[in-house]
Amino acid sequence: MSVYPDKAAFQTHLETLGVDQETLLMDVEPTISLGRHGELEEANRARDARALHTLPELAVDEDLEVGASGDLTILETLGEGGMGVVRLARQVALDREVAVKTTRADVGEAAARSLLQEAYVTGYLEHPNIIPIYMVGRTPKGAPLIVMKRVEGRSWLEMLEASADDGPPEDLTRHVEILMQVASATWFANSRGVIHRDIKPDNVMLGDYGEVYLLDWGIAATSRDDRPLLPRLEETRQLRGTPGYMAPEMAEQELELIDERTDVYLLGATLHHILTGRPRHKPGTLLQMLFAAHRSEPYEYGQGVPDELGAIANRACHRDRDQRFATAREFRDALENFLEHRQSVALSDAACDKLEVLQGLLGADETAPRAIHDTYGECRFGFYEALRTWPENEGARQGLQRCLEAMIAYHLAQENLEAAKACLEELPESREGLSEQIQELEERLKKRQHDLKRLERLERALDLSTARGSRSLLMIALGIIWTATSFYAAVRVEQGWVTAAEDLRHHMTSGLRNLAVGGGLILLFRKRFFANRANVRLVYLFWTMLAVVAFFRWTTWYLEADLFLARIGDMVIYVLALVAVGLMSDLRICLIASAFGAGAVASVIWPEWILYFNSVATALTFAGFAWIWRPQRTATEETAGQ
C-alpha cells in the first residue's frame, strides 16, 4: 500500500485518477463515484443497457392512483434520494405490501445501471440481514424497478443521532448487537465473493420488530468471474464509497488491495461512529477526508468508551490490512466476546469502587476491623467473579493485585502472619519485597514467642502460688508441734522440774529435733515442695534457718554459755530469717517477723517470761504463715460458688 508523505502528494495521486482539484476542495459527505471510467466499465455499461431492455415490463400505476389491473399498485412514497425513489405498493397477485425502488425521472443512465447492479447483488445474497428481492423488472417508461420486502422502521443513523451527541450511547449493548448482525451479513456476502464497500449507519435499516438489514449494495462488487451479472472490482477505475468511512485502499483506489478486509475496515469505522457519534474521518473537504482515510491513524478514545471496544475499533481500522481482523466473522466474534466480557468489566468496576472504600478505611486513624474485613471480602469476591467470567480481564487482575497488596500491608501492621501469607499466595503477580517483609515478621514473631515461653517458664518457676496449700498445711503442723513443745518447756522450767544443766541440754536437743523434723517433712513431701524454683528456695531457706538455730544451740550447750542470751539470739535469728523470706516472696511475712521481735524485747524487760513469749511468737508466726499461704479460689470456682 502506497504511503504519501503529505497532502499535496496525495492530491497529485488523486488527480492522476481523474479527480479534479475543484472537486477535491468541495465539502462532500455522501457516497461518491468519481474519476474516469475504465474500458471494462464502458463495455459493461452497454451490457447492462441491453439487459435492462430484456427485463419484463411490470404494469404499475405511477400516478399514485389505486388500480387493480396492474401488477403493482403504488400506495405512497416512502423515501427519495439523489438517484432513486422507494415507494410503498401492493403486489396484486399476492395481495401484500411491498417496497418498490426505481430511479428518479430526472437522472441518467448511470443511476439506472447502479440500481440494476444492486438488484443483481442483493438477489444473489439470501441472508436474514439482507432484504430479499421479490422480482426485477422495468416500468413502462423503461426505468429499472426492484420489488423487495417492505420493512417498517428507520435508518440506524437516525437512531444514533437521536441517542447521543458525543460519546457512546447509553444503550451501547443494543448498538453492538446491531453491528454484530451487520457483520454477519457482511461475512456472508464476503464468503460469496461480494465486497459491500459502503457499510455505514445510514445504510443499515432497523425494523420495528427488531430486524436489522444491511442496505445499499449499489457499489458492491466481486472479484469472482463465475457470476457474469455481478459487477466486478476490475470493471471500474472510479473512486467510490463514503469518504467519512473509507479504508485506505479505497481512498487510494488500489483495486487489487480491496477485499473482505476492506469491509472489516468499514465495520470498524461504523463502530467508531457508535463510540464517538461521528464518522471515522472528520468531515471537511473531500481531500481532507480522503487524506485522513489514507493515513488512518489510531484513535484515542475517551474514558466513557470501554477499552476493549476501542481496541476492536482501532484494530479493524488499522492502516495495515494484515493487522486488521482477517474476516468479518472475526470482527463479529470480537464484539460477541466484548458483550460476554462486559459483565466481567462491570463486576471489576464495582470491585474497584469497593477497593477505593477499602483504601480509605485502611488509611483512617481509627477503623473497626470488621468494617475492613467486610469491605475486603466484597472487593475480593468482585474481582474473583470478574476473572471467573473473563480470565483475561486485566483490569480485574490489577485490581485484585492492589487489593491483596493493601491487605498484606494491613496484616503486616497488625502482625497477622497467617493472614498476610494467605494474601501473598493469592497475588496474581509476585511483588519484590513482600515475601521478605513477611519473612521478617515471621522471624520477629518466632523470637517473641521464644521470649514469651522463656518468661512463662520463669514465671512458673517463681510462682509462689504453686504448692501454697502444702506449705500452709506444713506451717500448721509445725506450728502446733513447736508451740506445744515450747509451751511445755516453759511450764517445766517454771515449775522447777528440770535443773539448769538439763534445761541447757534440752535447749540444744530441741534444735537438733526441729532440724530433723523439718528435714523429714520436706523429704516426705518433696514432690510438692520442689514443684518450682521459688518453692525450692523457700525450702532451702527454711531448712538453713533450722540448721543455723540448731548449730547456735549446740554451740551454746557446748560452751555452757548463758541460756537467756541464747534464747534471745534464737529470736533474733528468726526475725532475720523471716525478713529475708518476706523480701524474697511476700512482704507480709516481714510483719510476721515482728512477733519474734516483740517477743525478744518483752523478754529483755521480763526475763522470767521468755519461754512464754517464745511460745506465743511461735504460734503467731506459724499461724501467719498458714494464713498467707492458704489456698486461693480461682475466678471460675468463685463464679460457680455464687
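The values are calculated or read from the model by the stated rules, or taken from the named source; none is laboratory data. This one's a predicted model, so the numbers in the text were calculated from it and none came from an experiment. No Cβ is skipped: glycine too gets one built from the backbone with ideal geometry, and neighbour counts run over all protein chains shown. For accessibility, only protein heavy atoms count, side chains too; no ligands or nucleic acids. Shrake-Rupley method; radii C 1.70, N 1.55, O 1.52, S 1.80 Å.
Placing unit charges on C-beta atoms (Lys and Arg positive, Asp and Glu negative, everything else neutral), compute the dipole magnitude of segment 173-308 about its Cα centre in debye, rounded to 20.
On the way: 14 positive and 21 negative charges, 58 e Å.
The dipole of segment 173-308 has a size of about 280 debye.
Assuming 0.36 nm per residue, please report the length gained on full extension of the stretch R192 to E330 beyond their Cα-Cα distance.
Values: separation 138, 0.36 × 138 = 49.68 nm, distance 1.66 nm.
Extra length available between R192 and E330 comes to 48.0 nm.
Segment 220-316: which trypsin sites (Lys or Arg not before Pro) are DSSP loop and have at most 13 other beta-carbon atoms within 10 angstrom?
Filter output for segment 220-316: R224.
Roll a 1.4 Å probe over the protein heavy atoms and report the accessible area of M246 in Å², nearest 10.
It works out to around 0 Å².
Taking a probe of 1.4 Å, how large is the accessible area per residue of the chain, in Å²?
Averaged over the residues of the chain, the accessible area is 51 Å².
What's the FRET efficiency of Y488 with I573 using the Cβ-Cβ distance as r and R₀ = 30 Å, to the nearest 0.05? Before the final figure, lay out each step's value.
Details: r = 22 Å, r/R0 = 0.72.
Given R0 = 30 Å and the Cβ-Cβ separation, E is 0.85.
Could you check the simple spin-label distance between E256 and A461, using points 7 Å along Cα→Cβ, in nm with one decimal?
9.7 nm
Identify, among L358, V345, G377, the residue whose Cα sits farthest towards the positive end of the charge dipole of segment 296-419, taking +1 on the Cβ of Lys and Arg and -1 on the Cβ of Asp and Glu, with the dipole about the Cα centre.
V345
Taking 7 Å along the Cα-to-C-beta vector as the label spot, tell me the L25-E57 distance in nanometres, rounded to one decimal.
Inter-label distance under the simple model: 5.0 nm.
How much accessible area does S348 have with a 1.4 Å probe, in Å² rounded to the nearest 10?
Only protein atoms counted, so the area is about 10 Å².
Among Y574, A501, V536, which residue has its Cα furthest toward the positive end of the charge dipole of segment 499-633, with +1 on Lys/Arg Cβ and -1 on Asp/Glu Cβ?
Going by the Cα projections, it comes out as V536.
Counting residues in segment 187-287 as N, plug N into 2.2 N^0.38 Å and put the Cα Rg over that result.
1.10
Starting from segment 258-356, pick out the GluC sites (Glu not before Pro) whose DSSP state is loop and whose Cβ has at most 16 other Cβ atoms within 10 Å.
Sites meeting the loop and neighbour criteria: E300.
Nothing charged except the Cβ atoms of Lys and Arg (+1) and of Asp and Glu (-1): what's the magnitude of the dipole of the chain about its Cα centre? Round to the nearest 20 debye.
On the way: 68 positive and 93 negative charges, 1089 e Å.
Charge dipole of the chain: 5240 debye, to the nearest 20.
Once you wrap a convex hull around the alpha carbon atoms of the chain, what is its projected area averaged over all directions, in nm²?
Approximately 52.6 nm², given one-decimal rounding.
Over 12 Å, how big is the tail of the calculated P(r) for segment 331-391, in percent of all Cα pairs?
67 percent
With only Lys, Arg, Asp and Glu charged, each at its Cβ (+1 for the first two, -1 for the last two), find how big the charge dipole of segment 295-352 is about the Cα centre; round to the nearest 20 debye.
260 debye
For segment 157-202, place one equal point scatterer on every Cα, skip the solvent, and apply the Debye formula. What is log10 of I(q)/I(0) at q = 0.17, 0.21 Å⁻¹?
With one equal scatterer per Cα and no solvent, log10 I(q)/I(0) is -0.58, -0.77.
State the percentage of accessible surface on the chain attributable to carbon and sulfur atoms; use a 1.4 Å probe and exclude ligands, DNA and RNA.
Here it works out to 54 percent.
Taking only DSSP H segments of four or more residues, each worth -39500 (n - 2.57), what value at 222 nm results for the chain once the sum is divided by all its residues, to the nearest 500 deg cm²/dmol?
Result for the chain, helices only: -20000 deg cm²/dmol.
First measure r as the distance between the Cβ atoms of D307 and E366, then evaluate 1/(1 + (r/R0)^6) with R0 = 22 Å and state the FRET efficiency to the nearest 0.05. Kindly include the intermediate steps, with their values, before the conclusion.
Details: r = 38 Å, r/R0 = 1.72.
Efficiency, rounded to the nearest 0.05: 0.05.
If you wrap segment 371-410's Cα atoms in a convex hull and average its projection over all directions, what's the area in nm²?
2.5 nm²
What is the set of long-range amide H partners of G84 at a cut-off below 5 Å, with H atoms built 1.01 Å from backbone N?
For G84, whose amide H was placed from the backbone, the distant partners under 5 Å are R104.
How large is the translational diffusion coefficient of segment 337-447 in µm² per second when you combine the Kirkwood radius over alpha carbon pairs with Stokes-Einstein at 4 °C and 1.567 mPa s?
The diffusion coefficient I find is 89 µm²/s.
Tell me, in nm to one decimal, what length is gained between L559 and A580 on full extension, where the rule is 0.36 nm per residue of separation less the Cα-Cα distance?
The L559-A580 span can extend by a further 4.7 nm.
If you split all Cα-Cα distances of segment 290-366 into 10 Å bins from zero, what percentages do you get per bin, shortest first?
Over segment 290-366, the share of Cα pairs per 10 Å bin runs 16, 32, 25, 15, 9, 3, 0 percent.
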